[in-house]
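Asker: Shown below is the structure under consideration.
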Amino acid sequence: MTDIYVSPQVMESQKEYACRVREIIKEKYSSPTVFLRTFGCQQNEADTERLGGIAVECGYTLTDDEESADLIIINTCAIREHAEKRALSGTGQFKKIKKDRPNTVIAVCGCMAQQEYRKDQIKNSYPYVDLVFGTDKNHLLAEMLYTVLKTGKRQYYVSGLSHDKLGVIAEDVPVLRSSDYKAWVSIMYGCNNFCSYCVVPHVRGRERSRNSAEILKEIKGLIDAGYKDITLLGQNVNSYKGDMDFPELLDAAASANGEYRIRFMTSHPKDASDKLIEVMKNHPETIARHFHLPAQSGNDRILKAMNRKYTREKYLETVKKIRAAMPDVAITTDIICGFPTETAEEFEDTVSLIKEVGYDMIYTFIYSPRPGTVAAKMEGHIPHDEQVRRFKALSAAQDEISAEKSKSYMGKTVKVLSDGNQEARNSQNKIVTLDKDVPAGTFVKVEITETKAYGLKGKVIN
Ligand code: SF4
């Protein structure tokens, strides 16, 4: 158990490395700046905030101008081929910057970089990238930067996170949050589910849960600092196994004093327990009325081939329980279109599922073979045109459902959290456009005056 947690000694040594980096860059740059680019999911966003925190501890200041940055960190995603292509072309854009300003340090990290063949590709084809590191090395950024700056040589820190290799948990990493009222709090890392199409277990390691006391301390600190919207993050939050289970952790997180909202993602349907639903029900003000429950498919043969470990019937049963406990809850999902061997009839089972559930919104993805996954080796890949046809059919069906769902808000008074620029979100995570600007991070009551499929409009009433 102990080897999961990075030792305080190692974390202390990182502070020393940060001081050494600070000394070097003071000489090397007039006012050292860091530019951060993130591809992919909320977990990557949260990781980038920690990389930013360490860079600031090393003496860099954040800039949004990559042209003038002295350190550029690209945090990549590997969930689909397209995401990797974007990350690689994104990296390619920095070639000219390095040519014009050779002292700039360019680092590539995250899930794409965690894969050995991608690390080699960057090594061989992107000579202007100075540092490549994997998903379990983020906490060592100060040490890795020191080595690059000290030696002037390119460095690679990628150790294979194969089936049995755990990954780590590093506490006390400084965080440079991108918002002063919305925050990500990672509660666990990795995944043990090995859905046959998914690369996450291969690049993020085995499930490991942070200590609940550390999580609750972080949440209390955020609430005391005025944060209003806190999202608990994990590839599979409801598999959290710290010194309490996820429903207990959520209950504790929702029981602090103050006006704030707690959200969580992502849930695996097989672990969405009655206990979790009960805890959500008992905190109508603090726990957001939004449940993201990825179904991926509505057909049992495909769910089995995906290794999802639940059936359509079991999934619908869970949805019924959630709705019975919280009639006003918004349910959203992820769906994969064109999984290998999926027939047109089996696809229609997915269309009928979204109609039966009546989701507020769905995130639809075209299946993309991921190296190292079981599905990538399967026969019967669906032609791309047909995948696109299914994608469009599903999106069109959902547009109608979402428009209908939104109509139920007409004339209602809802509490929203302003994001500034007349934009806000309600507890169901729906975008609400306000009739006037309200400072970001402020809760206001709004009367809904107009509804659209994926958005509402409202008049601020207090
Ligand atoms: S639960 Fe499945 S889809 Fe989600 S991260 Fe784990 S392996 Fe991937």
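Asker: Given the criteria open to solvent by 20 Å² or more (accessible area, probe 1.4 Å) and either assigned by TED's automatic domain parsing to the domain that holds residue 267 or in a helix (DSSP H, G or I) (or both), does residue 117 qualify?
Answerer: yes
Asker: Something else now. Suppose we keep only residues that are of a type in the set (S, T, N, Q) and outside any strand (DSSP E or B) within the range 171-189. Which one would you say is most open to solvent (accessible area, probe 1.4 Å)?
Answerer: If we take residues in the range 171-189 being of a type in the set (S, T, N, Q) and outside any strand (DSSP E or B), then 178 is most open to solvent (accessible area, probe 1.4 Å).
Asker: Among the residues in the range 66-85, are any surrounded by fewer than 20 Cβ atoms within 10 Å (Cβ to Cβ) and part of a loop (DSSP other than H, G, I, E, B)?
Answerer: yes
Asker: Also, quick follow-up: Among the numbered criteria (1) among the small types (Gly, Ala, Ser); (2) surrounded by fewer than 16 Cβ atoms within 10 Å (Cβ to Cβ); (3) within 19 Å of the chain's Cα centre (by Cα), which single criterion is violated by residue 205?
Answerer: Only one criterion in (1) among the small types (Gly, Ala, Ser); (2) surrounded by fewer than 16 Cβ atoms within 10 Å (Cβ to Cβ); (3) within 19 Å of the chain's Cα centre (by Cα) is unmet by residue 205, namely (2).
Asker: Turning to a different aspect of this structure: What pairs come out if I take residues in the range 190-202 that are in a loop (DSSP other than H, G, I, E, B) and pair them with residues that are of a type in the set (Lys, Arg) and more than 8 Å from the ligand (Cβ to nearest atom) whose C-beta lies under 6 Å away, six or more apart or interchain?
Answerer: Short answer, once both residue conditions are applied: 190/206; 190/208; 192/206; 199/370.
Asker: Residue 340: over 21 Å from residue 236 (Cβ atoms), within 16 Å of the ligand (Cβ to nearest atom), open to solvent by less than 10 Å² (accessible area, probe 1.4 Å) and not in a strand (DSSP E or B), yes or no?
Answerer: So residue 340 passes the test.
Asker: Would you check if residue 149 is modelled with pLDDT of 95 or more, assigned to a helix (DSSP H, G or I) and either farther than 30 Å from residue 369 by Cα or in contact with an Asp or Glu (Cβ under 9 Å, 6 or more places away or on another chain) (or both)?
Answerer: For residue 149, the condition - modelled with pLDDT of 95 or more, assigned to a helix (DSSP H, G or I) and either farther than 30 Å from residue 369 by Cα or in contact with an Asp or Glu (Cβ under 9 Å, 6 or more places away or on another chain) (or both) - is met.
Asker: For the subset of the range 208-243 comprising residues that are in a loop (DSSP other than H, G, I, E, B) and open to solvent by 40 Å² or more (accessible area, probe 1.4 Å), which member is nearest to residue 183 (Cα to Cα)?
Answerer: Here the residue is 228.
Asker: Is there a residue being of a type in the set (D, E, K, R), within 13 Å of residue 47 (Cα to Cα) and open to solvent by less than 40 Å² (accessible area, probe 1.4 Å) anywhere in the range 122-134?
Answerer: Looking through the range 122-134, none of the residues is of a type in the set (D, E, K, R), within 13 Å of residue 47 (Cα to Cα) and open to solvent by less than 40 Å² (accessible area, probe 1.4 Å).
Asker: Just one of (1) more than 28 Å from the chain's Cα centre (by Cα); (2) in a strand (DSSP E or B) trips up residue 35, so point out which.
Answerer: Evaluating residue 35 over (1) more than 28 Å from the chain's Cα centre (by Cα); (2) in a strand (DSSP E or B) leaves (1) as the failure.
Asker: With the structure loaded, tell me whether residue 365 is touching a residue at least 60 places away in the same chain (Cβ under 8 Å) and farther than 21 Å from residue 83 by Cα or whether it fails that test.
Answerer: Against the criterion (touching a residue at least 60 places away in the same chain (Cβ under 8 Å) and farther than 21 Å from residue 83 by Cα), residue 365 does not qualify.
Asker: Of the residues in the range 288-304, how many are assigned to a loop (DSSP other than H, G, I, E, B) and either of a type in the set (Gly, Ala, Ser) or within 16 Å of the ligand (Cβ to nearest atom) (or both)?
Answerer: 6
Asker: A further question on this structure: Taking residue 29, is it outside the structural domain of residue 372 (by TED's automatic domain parsing), among the hydroxyl-bearing types (Ser, Thr, Tyr) and crowded, with 20+ Cβ neighbours inside 10 Å?
Answerer: The answer is no for residue 29.
Asker: Among the residues of the range 417-442, how many are under 15 Å from residue 461 (Cα atoms), open to solvent by less than 30 Å² (accessible area, probe 1.4 Å) and either out of contact with any Phe, Trp or Tyr (no Cβ under 7 Å at 6 or more places or on another chain) or not in a strand (DSSP E or B) (or both)?
Answerer: Qualifying residue count, the range 417-442: 6.
Asker: Conditions first: (1) away from the ligand (no atom under 16 Å from the Cβ); (2) in contact with a strand residue (DSSP E or B) (Cβ under 7 Å, 6 or more places away or on another chain); (3) over 19 Å from residue 41 (Cα atoms). Residue 251 passes all but one, so which condition is the exception?
Answerer: Every condition holds for residue 251 apart from (2).
Asker: Here is a list: 389, 323, 312. Which entry is over 30 Å from residue 427 (Cβ atoms), away from the ligand (no atom under 16 Å from the Cβ), at pLDDT 95 or above and open to solvent by 30 Å² or more (accessible area, probe 1.4 Å)?
Answerer: 389
Asker: Does at least one position in the range 244-261 carry a residue that is open to solvent by 20 Å² or more (accessible area, probe 1.4 Å) and within 24 Å of residue 137 (Cα to Cα)?
Answerer: no
Asker: Right, something else. Quick check: is even one residue across the range 356-378 open to solvent by 50 Å² or more (accessible area, probe 1.4 Å), aromatic (Phe, Trp, Tyr) and not in a helix (DSSP H, G or I)?
Answerer: yes
The values are calculated or read from the model by the stated rules, or taken from the named source; none is laboratory data. Keep in mind that what you see is a predicted model, and the values were worked out from it rather than measured. Here Cβ is always computed from backbone atoms with ideal geometry, including for glycine, and neighbour counts include all displayed protein chains. Keep in mind that these areas ignore ligands, DNA and RNA; they rest on the heavy atoms of the full protein, side chains included. Shrake-Rupley method; radii C 1.70, N 1.55, O 1.52, S 1.80 Å.
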